[in-house]
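Novice: Just passing along the structure, written as structure tokens.
The values are calculated or read from the model by the stated rules, or taken from the named source; none is laboratory data. Predicted model only: the values in this text are computed from it and were never measured. In this analysis, Cβ positions are derived from the backbone assuming ideal geometry, glycine residues included, and neighbour counts consider all displayed protein chains. Heavy atoms of the whole protein, side chains included, go into the accessibility calculation; ligands, DNA and RNA do not. Shrake-Rupley method; radii C 1.70, N 1.55, O 1.52, S 1.80 Å.
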Amino acid sequence: MGALRIQLNPVFRRLRRSPLFTAVALITLAVGIGANTAIFSIVNAVLLNPLPYPDANRLIGIWETAPGLGLHEDLNTSPSAYFTFREEGRSFEDLGIWQGDAVSVTGIGEPEHVPAVNVTDGVLPALGVTPLRGRWFTRKDDSAGSPGTILLSYPYWQRRFGGDPGILGKRLVIDGQAREIIGVMPKDFRFLNRKPDIIIPMQLDRGKAFVGDFSYQAVARLKPGVSLAQASADVGRMLPMMLDKFPMAPGISIEMFKQAKFGPSIHPLKQDVVGDVGKVLWILMATVGIVLFIACANVANLLLVRAEGRQQELAIRAALGAGWRQIARELMLESVTLGVLGGALGLALAYAALRALVAIGPADLPRLDEISIDPAVLGFTLAVSLAAGFLFGLIPVLKYAGPHLATTLREGGRSLSEGRERHRARSALVIIQVALALVLLISSGLMIRTLRALREVKPGFSSPQTLLTLRLYIPESQVKDPIAVVRMDEAIRDKIAGLPGVRAVSISNSVPMDGANENDPVFPEDRPYAANQLPPLRRYKYVTPGYFHTLGIPLLAGRDMSWTDIYEKRPVVLVSESLAREYWRSPGGALGKRVRETGTGTWREIIGVTGDVRDNGADQKAPPMIYWPVLVTGFWGQPVQLQRSVAFAIRSDRTGSAGFLNEVRKAIWSVNSNLPLADVQTQQEIFSHSMARTAFTLVMLAIAGGMALLLGLVGIYGVISYSVSQRTREIGIRMALGAQHRSVQRMFVKHGLTLTLTGVGIGLIAAVGLMRLLKSLLFEVSPVDPLTYIAVPVVLALAALLASYLPARKATTIDPVDALRAE
């Protein structure tokens, strides 16, 4: 340690004697290393760290495939599959299914709507998380008809009950039902990607389960030594057993189930949590890696200039007996020291940047609250700093610390203008910087074009900024009669419609793009399906009169449903344009046709055709939809199906003001004071959320592209400035012989543009190949979009022209007499 300190002391002295060089080098490195540290922190937290559960590598998600239905993604599991897996499984230590929810809490002050999850008794044991206080759910807690129990999250326990140590055994009214609090989860507990305040046992009735209802997610812990392949084979073995254990869903035959070709799809649970975000994060990691490479090229150029200024010193030391290895070690130690110091400064920048990244990160970015600078990030920063120091230090070492060093004594030093040979390394580095900067700028340009294309998408509804949405839930314990529930919803609608500035109000089970999706088959009367054939799945929506008018969805043919249709339970539906054209070629052709939800269900007449809506997000095609009344009889074999959880859409120019929301709340509570408002947001916020990940990627690429452009221009400026300083005598002679200022400027500007255009050419070739990696992130934009590939090089060339002109202009201020006298 003492020997290292002795070697570092002269390094620090030299760095202190060159404060401008040291400051520029450290800031450049800090930007590059800090950006890499910040993005790696996200990659590490989201992709590399295991899930925060014991033996997380044994946790899996159980899904099912149905290629016969034409589905390109996995299906959730069902209660019948869960009971089959629980009773017949050989691979699982613990197993359970769960479903996201939101519940109303009443009886302790103002009504509150809080996030919750419904779980079977095996879910928490599978995750391996023991409650901080109390106990897990037992099989009895999870049995149908048992007294209601719940678990609280630690934050909710603290926020709502002040951390009351006597909370166990107390009762809380959840959706109108009193439930006993039996436990509190640990402070750092996370339920996958969710933060539920309340956990509720599902209490499924095995006697009512049937083959269908794929609405649940399954989680299991594998037995020690069991592989994913073995678990998949086990699930594949059990799926046919389900057909013998449980009846089929109403109107669905065993032949249809077999035709759908259901099969297992087993994933590590971490894959289910992370989703497809890894692709975006690795692209961003590669992007900031390029920024670091450009920063290293800049510092290498600075070190080349510094080494050139020390040539005579180094040559004299070599002549006095210093070996070239000793000199190379000294130069490398200086560069590695710069790298480590730049890394330390970059770590501080990364800490600040991470807070900003977490703040602007999309809400659907998984594990967002787990992002931090941990030991792995510190190790990464140190490794990157050392590697960067070695990388940018290697070039001056190879060029100026080789065995040929002693020959430098025979050179004329500053009395001679520099030859082209001594420019090549710096010029090559600038060309590389320009090429890499171009690649990043094209990436940013393509994402800008993508975001613009998304914003120009016509989602199928109008003026989302003037549309306020919120959810209400009327539990059966408050209002049991289905008709009374609908009348209460209508009464609330009328109260809100009477508020000043409200133009329209409607009720539905969901609003566009809110993620509350339900997909089931539709059987058209004049398109007969074979007994063993299941029609494609369609998006189901449940609406009331005025829904299309309120949302601004055009009615292309026929009429809207009426309140009379709902109260008299008339068998009527509306369909979207794409569904109408698929089956009947035109919107008008669908009117009067009949459809049903199962092969044996009630026929329902199509009374209207609406415009298509991009219900899956701005970047997804509009799914074919069918709109049912919120109250339906004879639906899936049920006497009555009612939507108790509904979304209100309120059209008003006052949307967004706190006063307006208070008026809406009072209007709702004037009808029922026990109804908390949930998911209050504008349709514009929902629409923007669908583009959040694209916008986040754009911001990251734009920042990286901006840093690359700045560093590249600094590199060009530095090379031209140094060239001017080294060619002072030549400039003086030229001007003494009558050279015009413009010709001198042109000489240096031409040099800068030559380097830039060479880099642009190389960068364009690289971009054409590399941009195909971005294809999955683009929307209605080609990876080789001509506008981007023309605009970006032009902007880069103009910026480079400015970076070259400034030092070239300085060259014309040189006094020939002073230049010659100096030499």
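Novice: Kindly state, to the nearest 0.05, the FRET efficiency for Arg570 paired with Asp494, given R0 = 22 Å and r defined as their beta-carbon distance.
Specialist: FRET efficiency, Arg570 to Asp494: 0.50.
Novice: What is the extension gain from Ser782 to Ala484, computed as 0.36 nm multiplied by their sequence separation minus the C-alpha to C-alpha distance, in nm to one decimal?
Specialist: My answer for the length gained is 101.9 nm.
Novice: For helix 482-497, report the angle its Cα long axis makes with the longest principal axis of the Cα atoms of the chain; keep it between 0 and 90° and round to the nearest 10°.
Specialist: In the chain, helix 482-497 runs at an angle near 50 degrees to the longest axis.
Novice: I'd like to know which of Leu302, Gly342, Gly761 lies farthest towards the positive end of the charge dipole of the chain, counting +1 on Cβ of Lys and Arg and -1 on Cβ of Asp and Glu.
Specialist: The residue sitting most towards the positive pole is Leu302.
Novice: Now a separate question. Go through Ser576, Ser215 and list them by solvent-accessible area, largest first, probe radius 1.4 Å.
Specialist: Reading off the accessible areas and sorting them downward yields Ser215, Ser576.
Novice: Could you order Arg809, Arg17, Arg527 so the one with the most accessible surface comes first? Probe is 1.4 Å.
Specialist: Arg17, Arg809, Arg527
Novice: Contour minus end-to-end for Leu801 and Ala23, with contour as 0.36 nm per residue of separation and end-to-end as the Cα-Cα distance? Don't jump to the answer; show the numbers that get you there.
Specialist: Values: separation 778, 0.36 × 778 = 280.08 nm, distance 2.58 nm.
Once the chain is fully extended between Leu801 and Ala23, it gains 277.5 nm.
Novice: Sorted by packing (mean other beta-carbon atoms within 10 Å per residue), highest first, where do 383-389, 169-175 land?
Specialist: 383-389, 169-175
Novice: What angle, in degrees between 0 and 90 and rounded to the nearest 10, separates the Cα long axis of helix 741-770 from the longest principal axis of the Cα atoms of the chain?
Specialist: Taking Cα atoms only, the helix is inclined about 40 degrees.
Novice: Glu87 accessible area, nearest 10 Å², 1.4 Å probe?
Specialist: Per-residue accessible area (Glu87): approximately 80 Å².
Novice: Taking the Cα centre of the chain as origin and charging only Cβ (+1 Lys, Arg; -1 Asp, Glu), how large is the dipole, in debye to the nearest 20?
Specialist: So the magnitude is around 2960 debye.
Novice: Which order do Arg693, Arg503 take when ranked by solvent-accessible area (1.4 Å probe, heavy atoms of all protein chains), largest first?
Specialist: Sorted by accessible area, descending: Arg503, Arg693.
Novice: Here is a follow-up. Report the gain in length on full extension from Leu757 to Val794: 0.36 nm times residue separation, minus Cα-Cα distance, nm rounded to one decimal.
Specialist: Roughly 12.3 nm would be gained on extension.
Novice: Can you tell me which of 636-643, 625-632, 678-685 comes out highest on packing, and rank the rest after it, using the mean Cβ neighbours within 10 Å?
Specialist: Packing proxy ranking, top to bottom: 625-632, 678-685, 636-643.
Novice: Give the dimensionless ratio obtained when the Cα radius of gyration of segment 87-144 is divided by 2.2 N^0.38 Å.
Specialist: Dividing the Cα radius of gyration by 2.2 N^0.38 Å gives 1.41.
Novice: Right, another one. Report Ser688's accessible area, 1.4 Å probe, all protein chains in place, as a number in Å² to the nearest 10.
Specialist: The accessible area comes out at roughly 50 Å².
Novice: What is the packing order of peptides 542-554, 750-762, 156-168, taking the mean over residues of other C-beta atoms within 10 Å and listing the highest first?
Specialist: Answer by packing, highest mean first, reads 542-554, 750-762, 156-168.
Novice: Quick one: Cα convex hull volume of the chain, Å³ per residue?
Specialist: Measuring per residue, one finds 213 Å³ for the Cα hull of the chain.
Novice: Nearest 20 debye, what's the magnitude of the dipole of segment 488-551 about its Cα centre given +1 on Lys and Arg Cβ and -1 on Asp and Glu Cβ?
Specialist: Roughly 200 debye, rounded to the nearest 20.
Novice: Taking a threshold of 26 Å on the Cα-Cα distance, which of the pairs Lys261/Lys458; Lys258/Lys279; Lys170/Lys223; Lys140/Lys223 fall above it?
Specialist: Lys261/Lys458; Lys258/Lys279; Lys170/Lys223
Novice: How much accessible surface does Thr600 have with a 1.4 Å probe, in Å² rounded to 10?
Specialist: 110
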